[in-house]
């Protein structure tokens, strides 16, 4: 693994209260110009970012424990990504691959065929967002199977388009008053070890879902099962071991397309290139975005050649899909992930953070569970004694962490989960400081 060099000092440093005066001024301008439906987790405005820090417009240096929601795995200004973007933009920013194609689109597709699980023949299509990737994966599955029904799971998040809202489980803020939604989407129970009945195995949880599928839909009507191998917005829920392999086996036996949504968990985040790798899952189609291109808008579906090649020419694509600047960024980001061994780095981050958080859980009864894999970690907060979700406490902890200069995201169906998604290039000293701030925020809030 190469040594990571940083452009900005990797230190937490506050020079104003948060938000500072310039951020406050921007908030006023925002109210007059930006629709209220666009929310932000923190009230500070970025001016620069590198490694594990974000510097705001007031000069405060904050520790980034969110990575733009698992996007900037290589950091927000990786030198290779920045150079590749600049070089490509100086040549051409767009031709539309569907009109005048270019090599970098093909190179990205070749990289994804090599990185994604399985050694079967694969094909790839590039898009702009995770929701686009999910929507097109469903299109492929429906066309290839000639079936309509799609199964998603409790606590799932798959996007904000009409079809992906139907797949997403959480109503507020993602679905409320935005319907009606796309039909033929069915929801099944997820394996959620912390909240499942004690002793329920992964295989048993999968059989529970399969029984409902067979009764309510029928395998002969089901085009696809789509699932996040580790759920993201739903609370970083890691299904019990055996849950995913059992679903995959049943899908294979019944001609159902198994789609792994790795939009948030992909690209070294969990300690493997993809979360599927931990249990040897080989999906028929895998959806990707977020960490794929170092912050540039790019997404992809990669899947079995026999499935994707069934779609007629022109049936997949989009004006900006696989934009050449984004493709250049993706190739550079993947190169940096390899150079820095970011899967290994994610495992190290996970070991350090989990050890400290588990120790804290022994001290703080409000911590119901510490879970996750690699650098995709979560702390579920509950009311001691009852185990009921404590969303207010979770919000308070995030606010206290921000006051001390740590950007911390929350998630979960019940709003009671703190999620840790640091850039994988964060240094040990900065990570240690962030964890100390988080520990102190939890102690102060309970």
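The values are calculated or read from the model by the stated rules, or taken from the named source; none is laboratory data. Keep in mind that what you see is a predicted model, and the values were worked out from it rather than measured. Every residue, glycine among them, receives a Cβ derived from its backbone with ideal geometry; neighbour counts consider all protein chains shown.
Does the stretch 251-270 contain any residue that is closer than 14 Å to residue 202 by Cα and either assigned by TED's automatic domain parsing to the domain that holds residue 144 or surrounded by fewer than 17 Cβ atoms within 10 Å (Cβ to Cβ) (or both)? For the stretch 251-270, residues closer than 14 Å to residue 202 by Cα and either assigned by TED's automatic domain parsing to the domain that holds residue 144 or surrounded by fewer than 17 Cβ atoms within 10 Å (Cβ to Cβ) (or both): absent.
The number of residues in the stretch 106-125 being touching a helix residue (DSSP H, G or I) at 6+ places or on another chain (Cβ under 6 Å), surrounded by 17 or more Cβ atoms within 10 Å (Cβ to Cβ) and assigned to a loop (DSSP other than H, G, I, E, B) comes to 1. Residue count for the stretch 139-153 under the criterion of being assigned to a helix (DSSP H, G or I) and more than 20 Å from residue 247 (Cα to Cα): the result is 2.
Which numbered condition in (1) assigned to a loop (DSSP other than H, G, I, E, B); (2) in contact (Cβ under 8 Å) with a residue 60 or more places away in the chain is the only one that residue 277 fails? Looking at each condition in turn, residue 277 falls short on (1). Residue 109 - would you say it is touching a strand residue (DSSP E or B) at 6+ places or on another chain (Cβ under 8 Å) and assigned by TED's automatic domain parsing to the domain that holds residue 290? Against the criterion (touching a strand residue (DSSP E or B) at 6+ places or on another chain (Cβ under 8 Å) and assigned by TED's automatic domain parsing to the domain that holds residue 290), residue 109 qualifies. The set of residues in the stretch 162-178 being surrounded by fewer than 19 Cβ atoms within 10 Å (Cβ to Cβ) and either in contact (Cβ under 8 Å) with a residue 12 or more places away in the chain or in a helix (DSSP H, G or I) (or both) consists of 162, 173, 174, 178. Here is a check on your reading of the model: is residue 77 under 20 Å from residue 329 (Cα atoms) and either part of a strand (DSSP E or B) or in contact with a strand residue (DSSP E or B) (Cβ under 7 Å, 6 or more places away or on another chain) (or both)? Considered against the rule, which asks whether it is under 20 Å from residue 329 (Cα atoms) and either part of a strand (DSSP E or B) or in contact with a strand residue (DSSP E or B) (Cβ under 7 Å, 6 or more places away or on another chain) (or both), residue 77 comes out as yes. Taking the residues in the stretch 398-415 that are part of a loop (DSSP other than H, G, I, E, B) and within 20 Å of the chain's Cα centre (by Cα) as candidates, determine which candidate is surrounded by the fewest Cβ atoms within 10 Å (Cβ to Cβ). Checked the stretch 398-415; the qualifying residue surrounded by the fewest Cβ atoms within 10 Å (Cβ to Cβ) is 415. Only one of the listed residues (438, 426, 418) is under 23 Å from the mean Cα position of the chain (by Cα), over 20 Å from residue 154 (Cβ atoms) and either without any contact (Cβ under 8 Å) to a residue 40 or more places away in the chain or in a loop (DSSP other than H, G, I, E, B) (or both). That residue is 426.
In the stretch 280-298, the qualifying residues are those that are assigned to a loop (DSSP other than H, G, I, E, B) and out of contact with any strand residue (DSSP E or B) (no Cβ under 7 Å at 6 or more places or on another chain), and the one that is surrounded by the most Cβ atoms within 10 Å (Cβ to Cβ) is 294. Just checking, does the stretch 194-212 include any residue being in a strand (DSSP E or B), touching a helix residue (DSSP H, G or I) at 6+ places or on another chain (Cβ under 8 Å) and surrounded by fewer than 21 Cβ atoms within 10 Å (Cβ to Cβ)? Scanning the stretch 194-212, I find no residue that is in a strand (DSSP E or B), touching a helix residue (DSSP H, G or I) at 6+ places or on another chain (Cβ under 8 Å) and surrounded by fewer than 21 Cβ atoms within 10 Å (Cβ to Cβ), so the answer is no.
If the condition is being buried (at least 17 other Cβ atoms within 10 Å of the Cβ), touching a helix residue (DSSP H, G or I) at 6+ places or on another chain (Cβ under 8 Å) and closer than 22 Å to residue 438 by Cβ, then the stretch 23-61 contributes 42, 44, 51, 52, 53, 56.
Condition check for residue 301 on (1) closer than 22 Å to residue 5 by Cα; (2) under 17 Å from the mean Cα position of the chain (by Cα); (3) not in a loop (DSSP other than H, G, I, E, B): one failure, at (1).
So residue 136 fits all but one of (1) assigned to a loop (DSSP other than H, G, I, E, B); (2) in contact (Cβ under 8 Å) with a residue 60 or more places away in the chain; (3) out of contact with any helix residue (DSSP H, G or I) (no Cβ under 9 Å at 6 or more places or on another chain); what number is the exception? So the condition that residue 136 fails would be (1).
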